[in-house]
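Down below is the structure, laid out as structure tokens.
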Amino acid sequence: MCGIVGIYNHSDASTLAYFGLFALQHRGQEGVGITTYNDSKFYTEKERGLVSEVFANKQRLQKLPGNVAIGHNRYSTHGEKATINIQPLVFNYKGNKIAIVHNGNLINLDPIRKQLEEKGTIFQTTSDTEYIIHLIAHSQETTIEDKILDALRSVDGAYSLVIMFNDKMIIARDKYGFRPLCMGRLDGAAIFASETCALDLIGAKYERDVNPGEMIVLDGKAQKVFKIDDPHPRHCIFEYVYFSRPDSRIFGEYVDKTRRKIGKTLAINKPVEDADIVISVPDSSNTIALGYSQRSNARFEIGLIRNHYIGRTFIHPDQKMRDFGVKIKFNTIGGVLNQKKVVIVDDSIVRGTTLKKLIRLIREAEPSELHVRIGSPPVKYPCFYGMDFPSKEELIANQKEVAQIKEYLEVDSLEYITVKGLLDSTSLPADHFCTACFTGKYLDSEENY
């Protein structure tokens, strides 16, 4: 999972890309990069770290001239967490410059790698994004547009990407539309971003989503649209559950609105009788918890405070401190929780280890009862399309029944929303979403994992 931006035909392209990536920081924290085009040259600045760290010095942005820019926040789901994999990836190709940023995960890499290596390809990174560039280079088509179409029709899986080919910009999204990608306008410039919150920050007006199976080419004042493949929407439902920002609009609906519906559905189907308060695990479950409270008799309260200033690393004390990792992120408000029958709403349970530690922390505030409600169905299967879910052996719901997870967490009750309840909380048809991490059914397969 990553965050990408593209700025075309704006005099402050690099600065706008910087602010866009800042808004998309939640989509990747391992590394950040920006590439611009000016006077037949590419300029690139990228490094491991957060946007605010890598571009802490404004002189770094001043090294990125030009009115065309692409940017990327990295969250690795394929390839090593190494500097060489930080995007944009930049290449020389037959006297031209080509750069690419990619959000997603390709799944048919083994046969493609064998084919490319037989043709003499030498891979420079361990990123699946590089495969696209090599497929473009080896395409027998004539124009760059047709070469890119040829390459994208050869890969399978999830991709939302922006490519710079000299001063052209090419934007593409896989036929399933797994990952969000939107288009906006600012001062006549075209703006592309993973989420609309990036458009909001820079003052751009949302125009539309890039459609599944669509490729857009910007060349000067010309804009052309191509069809990669027939659209077959299978949006990632987890974008609504957890990953996207609540103030973003994705897949045609505001995330906040959908999360509130999830909470309301959860409250109706999985109530807690005579509960006193509903609290969230900040921040992604905040609006789910609000929705739950609106459909229950329990009032919403802030029972946990999250420290937003930890950064990527922190210094552990020399002595072993129990649950230190959770305590440095969260603290309880004892007066809210003490002797209360509490409903804790979280967006999901993956391994379960963090929630177990958090429950132990909340117990120190001495609530009378703790009931957990989860805004997604049990996550039983790994994701191959860009969510960093571990192997099924590490997923607690794959190894334990709900009753066993309840005992593991040491809570009074545990309930999940159903797959149907989750899908009914969206505004799109149920078959427009991928639910493989819950059901084990991938893409068009009729067989389970």
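The values are calculated or read from the model by the stated rules, or taken from the named source; none is laboratory data. Nothing here was measured: the structure is a model prediction, and the numbers come from that model. Positions of Cβ are backbone-derived with ideal geometry, glycine not excepted, and every protein chain shown enters the neighbour counts.
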Filter result (in a strand (DSSP E or B) and over 13 Å from residue 176 (Cβ atoms)) within the range 210-234: 215, 216, 217, 218, 219, 222, 223, 224, 225, 226, 227
Are there any strands (runs of 3 or more DSSP E) wholly within the range 1-50 with 2 or more residues that are closer than 17 Å to residue 190 by Cβ, and if so which? 3-8, 31-38
Considering the range 391-425 alone, what residues qualify as being of a type outside the set (Asp, Glu), assigned to a loop (DSSP other than H, G, I, E, B) and more than 18 Å from residue 270 (Cα to Cα)? 391, 395, 400
Which one of the conditions (1) of a type outside the set (S, T, N, Q); (2) under 30 Å from residue 95 (Cβ atoms); (3) touching a residue at least 40 places away in the same chain (Cβ under 8 Å); (4) out of contact with any helix residue (DSSP H, G or I) (no Cβ under 6 Å at 6 or more places or on another chain) does residue 186 fail to meet, given that it meets all the rest? (2)
Take the conditions crowded, with 20+ Cβ neighbours inside 10 Å and among the hydrophobic types (A, V, I, L, M, F, W, C) and apply them to residue 61. Does it pass? no
Subset of the range 285-306, residues out of contact with any Lys or Arg (no Cβ under 6 Å at 6 or more places or on another chain), β-branched (Val, Ile, Thr) and not in a loop (DSSP other than H, G, I, E, B), comes to 305
Of the listed residues (185, 173), the one being among the charged types (D, E, K, R) and within 21 Å of residue 387 (Cα to Cα) is 173
Please determine, by comparing only the residues of the range 208-228 that are touching a helix residue (DSSP H, G or I) at 6+ places or on another chain (Cβ under 8 Å) and surrounded by fewer than 18 Cβ atoms within 10 Å (Cβ to Cβ), which one is farthest from residue 148 (Cα to Cα). 224
Taking only the range 400-434 into account, find how many residues are in contact (Cβ under 8 Å) with a residue 40 or more places away in the chain, under 18 Å from residue 344 (Cβ atoms) and among the acidic types (Asp, Glu). 3
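Take residue 221 and decide whether it is on the phi < 0 side of the Ramachandran plot and in the same structural domain as residue 420 (by TED's automatic domain parsing).
Here the answer is no, as residue 221 does not meet what is asked.
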Looking only at residues in the range 36-50 that are under 21 Å from the mean Cα position of the chain (by Cα) and either under 17 Å from residue 102 (Cα atoms) or among the polar types (S, T, N, Q) (or both), which one is surrounded by the most Cβ atoms within 10 Å (Cβ to Cβ)? 46
Only one of 282, 271 is more than 23 Å from residue 2 (Cβ to Cβ), at pLDDT below 95, part of a loop (DSSP other than H, G, I, E, B) and not assigned by TED's automatic domain parsing to the domain that holds residue 178, namely 282
Identity of the residue in the range 229-254, touching a residue at least 12 places away in the same chain (Cβ under 8 Å) and hydroxyl-bearing (Ser, Thr, Tyr), that ends up farthest from residue 149 (Cα to Cα): 242
